Each structure stands twice: as structure tokens, then as C-alpha cells.
Amino acid sequence: MKLATLNDGTKDGQLIIVSKDLKTFVKAQDVVTTMQNAMDNWDSVKTLLEDISIELNAGKLKSNTFDATLVHSPFPRSFQWADGSAYVNHVHLVRKARGAEMPESFWTDPLMYQGGSDDFYPPMSPILLPNESWGIDMEGEIAIVTGEVKMGTSSEDALSKIRLIMLVNDVSLRNLIPNELAKGFGFFQSKPSTAFSPVAVTPDELGPIWQGGKVNQVLEVDLNGEPLGRVNAGIDMTFNFGELISHACKSRNLGAGTIIGSGTVSNRDKNGGPGKSIKDGGLGYSCIAEIRMVETILEGKPKTPFMKFGDTTRIEMKDKQNNSIFGKIEQQVKKA
């Protein structure tokens, strides 16, 4: 089942059910009004929504044409957005880029920060920022949405709490990060609004792609219309989503609708190295920071600039038949 949030002029939008081919939709107002309402009442509304989805995909319902420019992120705002760093290769490279050593514990204990969840970008909206010298970077990620999760839930049991899966552009301001982290309180100004894919899908929608708490498929990330990354989200994921959820709920309950991100999807090179660019025969990168780090290793300094006003990025995932699964996040950096 594929769900989205129509931008109807209200802060939380209107829940819609989208066809598998992302071509049509129907409103879910007779069952539930918003995505958060659906999460709060999932056990009672899931089957009703699935029945509508089946009829929509069978062509039995009068529907509207789906247009990703008319939707919010699936959650225009959320009670909680926590982003992890499940791909430790990315953590290692980025920390090395700013001269910070990575503790060995990072391989066994996930990193996670509390992101701003009161104002998410729509998936096709511009990235609005006042200063391009802040080191604007995209980060291609996967995110899951949970139902209610009790404190202390195990990683195995946590997998059953996953309700939806989305793609993410977790925008980072790289030049603000070092000074901010040096204060010892974590990210804040360096992590502006986040964008999510036009649609969120239930795990069963992914079929065999969803295995072991991971999305085992290639994530496509473009910069200015050129491929930056074609990395596989199921490879080199040190912590699966069950483990991330269990980490998040160690000392607290998680409310329905909690969003947890994977962190930047990152693959090592086949020889165990940090990864190669696509033009050099590798899988590329899901953010600019990684390619800059590799350039520093190979050439002594980075040469790829961070995003400037007018630059664009696309983040998308396709199935084995080359059909878009979540729709695409497509954004342009613009001056606020």
C-alpha cells in the first residue's frame, strides 16, 4: 500500500491512497483524515485502507491523477524525527574529513540525533537557505515510521512496529557542523528542514526488497542532473532498522508516527576501501561530503564544491522493472 499527503492548504494535509504505479490516487477521508491519524489508529484503519488500495489498483474506483508537486512530505510535521547513522562507512569518512577520530564503539553502538520535525519540506520544493557558504549538502537516506513502541523493546520485536518506509533528503550544512559539534550539544543549526519522498509505502509493498530490516535496493542520487550515487541501501548497513528502533527506545517510549532515519546510505568499494565515484567505476556517493573526503585522500584536498544556489538534486529508488517505488525527491537550492 502506498500513502501520501495531499497539500490542501492545512498544516497536516489530507491523507490519500496512491496506486502502485504512482499514476492515480483517491482520498482516504471516509476512513481517516491525516497520516498521523492513520498512525494513531493503525490497527483499526489498516485493513480499510488496504481494501481501498486494492480497488484503486484494480481500476474499480473513480480516481484523480497523482502529481508529486501537489503533495507534502508524507508527514508535513511529526512528533518525532530521529536520524541514525547505520552506515558506519559514512560516519568514518565524514569524521575523518573534519579531522576527528572514530571510536571503535561506533561499530557496535549506533549514533542518533534528534532532528527538527516541526517543518518538513515537500519533496518537490526548493531548499531555501540564506547563505550558500554554509556548505549545503544533500544526504540520501531511508526512513521508517513506527507505531507505538514500548521502552526497552528488543531489536527483533521492533521490526514488527514498522508501519511505513520512505526516502529522505536530510539536508546538512557541512561548514556549520564542526563548530556546532565542538560545543558538545550536537546538531541544530547545521540541520535545516528535511524532505521525504512523495509517498510512504508499507513494508509488504516492497516484497523481497525488504529483508532483515533493510531495504535491499539501489538508491539513486543525482547532482545537477548527473549521477552522484547508485549505492545499495542493503549493503554495508551496520545496524538494521530493528536495531535503530531498539536504540531509540532504550530509555523512552516511542509514539505512533515516530520517524527514524538510516543516515546517509554509503557503500565501501569492493576492495574494502572508502568507495569510488561512478565515473571511476564505483557506486558513487549519497552526499557530497563523502566524495570530498575521497578526493582529500587521493589528491590531498577536496575539489567538488558543496551545493550553490541554483543547484539541484534528485533522490529516488526504482524496482527491478525500473518503476519508481516512492516517487522522487527533487529539489533546487534557492536563496531564502
- Task: Check the range 141-159 and report whether any residue there is modelled with pLDDT under 95 and of a type in the set (A, V, I, L, M).
- Result: no
- Item | Positions within the range 144-187 being among the small types (Gly, Ala, Ser), buried (at least 16 other Cβ atoms within 10 Å of the Cβ) and assigned to a loop (DSSP other than H, G, I, E, B), in sequence order | Gly147
- Go through (1) open to solvent by 60 Å² or more (accessible area, probe 1.4 Å); (2) assigned to a loop (DSSP other than H, G, I, E, B); (3) within 23 Å of Gly234 (Cβ to Cβ) one by one and return the number of the condition Asp119 breaks. (3)
- Message: Any residue at all in the range 44-54 that's of a type in the set (Gly, Ala, Ser) and without any contact (Cβ under 8 Å) to a residue 24 or more places away in the chain?
- Response: yes
- Options Asn57, Asn64: the member that is of a type outside the set (Gly, Ala, Ser), without any contact (Cβ under 8 Å) to a residue 60 or more places away in the chain and out of contact with any Lys or Arg (no Cβ under 7 Å at 6 or more places or on another chain): Asn64
- Exactly one condition in (1) of a type outside the set (A, V, I, L, M); (2) within 23 Å of the chain's Cα centre (by Cα); (3) farther than 21 Å from Gly84 by Cβ is not met by Thr264; state its number. (3)
- Among the numbered conditions (1) among the β-branched types (Val, Ile, Thr); (2) free of Cβ contacts under 8 Å to residues at least 40 places away in the same chain; (3) in contact with a Leu (Cβ under 8 Å, 6 or more places away or on another chain), tell me where Ile165 comes up short. (2)
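The values are calculated or read from the model by the stated rules, or taken from the named source; none is laboratory data. Note that this is a predicted model, so its numbers are computed, not measured. Neighbour counts run over all protein chains shown; Cβ positions are idealised from the backbone, glycine included. The accessibility values were calculated without ligands, DNA or RNA, using every heavy atom of the protein model including side chains. Shrake-Rupley method; radii C 1.70, N 1.55, O 1.52, S 1.80 Å.
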